[in-house]
1. Hey, rough spin-label estimate for residue B:123 and residue A:248, points 7 angstrom out along Cα→Cβ, what's it come to in nanometres?
2. Between B:13, B:193, B:152, which gets the highest mean-square fluctuation from a Gaussian network model of chain B, Cα cutoff 10 Å?
3. I need A:72, A:183, A:55 ordered by Cβ neighbour count within 10 Å, fewest first.
4. Can you pull the one-decimal nm distance between simple spin-label points at residue A:130 and residue B:174, each 7 Å off the Cα toward Cβ?
5. In whole Å, what is the distance between the alpha-carbon centres of the stretch A:172-244 and the stretch B:159-187?
6. When only Cα pairs under 8 Å and 6 or more residues apart are kept, what is the percent relative contact order across chain A?
7. Whole number please: convex hull volume per residue, Cα atoms of chain B, in Å³.
8. Would you mind ranking B:215, A:240 so that the residue whose beta carbon has the fewest other beta carbons within 10 Å leads the list?
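Read-outs: derived from the displayed coordinates by stated rules, not from any lab. Owing to the predicted nature of the structure, the values given are computational and were not obtained by experimental measurement. Positions of Cβ are backbone-derived with ideal geometry, glycine not excepted, and every protein chain shown enters the neighbour counts.
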């Protein structure tokens, strides 16, 4: 599956946030969208997933216009975990994950045995199987984020869109989340598109990185080619070195010391 | 092991709540038939009802108390269900049928007829229903902007409610000498209702309550947030409009028969949520059952507490319900983190 955004202009009301954006998403790859606050990262993600209408331009999924997809058809092809989501705290984990089957059902249908099997699979793949009988408010922040990923995974999408999946998590759970993303990609071949704030994490897990600055695409490419001291200076106005450490495959970002 | 235990307790809890409510419903129903300005024993009632003779007891029970009992049950269930559904539409526990203009619309229509066209007084229920539907439609039209969003519904509801409220106040000031009928309508009452109203409401409430069971899954999905619901393939705006229509239909049906009864639609779903959780599979039936219990209790109290006088059920609901709700919020609020 390939998603192509062509000449996208996206905005809220009269304000244009994203201008003439071309963006291509490959299935089976991990793509990260990075950029400073307010640069339009989340806006692009929302436009590609039809959570936000775009003013001009077009999005194609496998050559077919995004506008021609029915809501359910789209939800069977792509899964989106928005940044803002909430469930009543007393909802049970397995019940919440079960809602991921909705795109496959008529409005009056309940989950059947096949749906239950997929719900179980999604809970096992995301490591929340043990939590299935608990209610959401009994889960920690990291656990509940995994539960939400399981819910989206239950849609059996080819591409998973995650809007800042690590925000509000402590470092252990952030790394845990990245590990999970990598695992889902490697073991299940699911494509992932993420908006990320943490550049070290983007550098570490991504196959492809798109850099957005002031609503326009600044650069895209492999992490090593994109994350450079020059980009960091021009996009974030931050001084850094990219350093290689023996025994580590990927380089690290060493920010200039705070004096 | 531990977690399976928790699940069982939760199912047990729902079962217990339903059992208690059913018992209360039966006890209250029997009480409502027995008590009144004339008190009868169960034996007296049974022998009168099943005899072919036309006794006073039989007339009072069959023509006055029984229809009133059924009305109270239907109205309580309808208002609570209406409120429960609306709270999911708005994602706000403070939403009630008044929010979407049902009360103001019905009130405006009824006031207009009673004060300006008194010759049409017999058709007040019909006009009230129409007024409620119209006000609701107006609010949603104003709120529609490429979709409906709860904040816009609530805000345009506030605006339209205030305009209608002003119109009602003005009309009442100009006709301050003939407000009896208007007051009776504004403070919803079941006094003097007969089988005619029961038959009407049975059809409307029957349809409405059936429809609300079909809303359960959608109501649950709306609780996950708009973007999440959308990404699960739900057309959020259409769902909101459909659920609101069911809710408005139920509330309008009760208003047209009994006038405006506040508080039930707001409080009963809230108490149900505290007792059985937010899943509408349990919460909605609990609300219906509890709504019937609460309204029947309020009406029975209203017609017996002061001998020789009837206090409208709407007033009893607010006076007794308010403090009870406060008590519940303080006591149980901690548990659900409110």
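1. 8.1 nm
2. Result: B:13 has the largest fluctuation of those listed.
3. Numbers: A:72 18, A:183 14, A:55 11.
Exposure proxy ranking, most exposed first: A:55, A:183, A:72.
4. Simple spin-label model gives 7.3 nm for this pair.
5. One Cα centre to the other: 63 Å.
6. Working: 484 pairs, mean separation 63.8, N = 259.
So the answer I get is 25 percent.
7. Details: hull volume 53.0 nm³, N = 338.
Convex hull of Cα atoms, per residue: 157 Å³.
8. Details: B:215 24, A:240 18.
The order, fewest Cβ neighbours first, is A:240, B:215.
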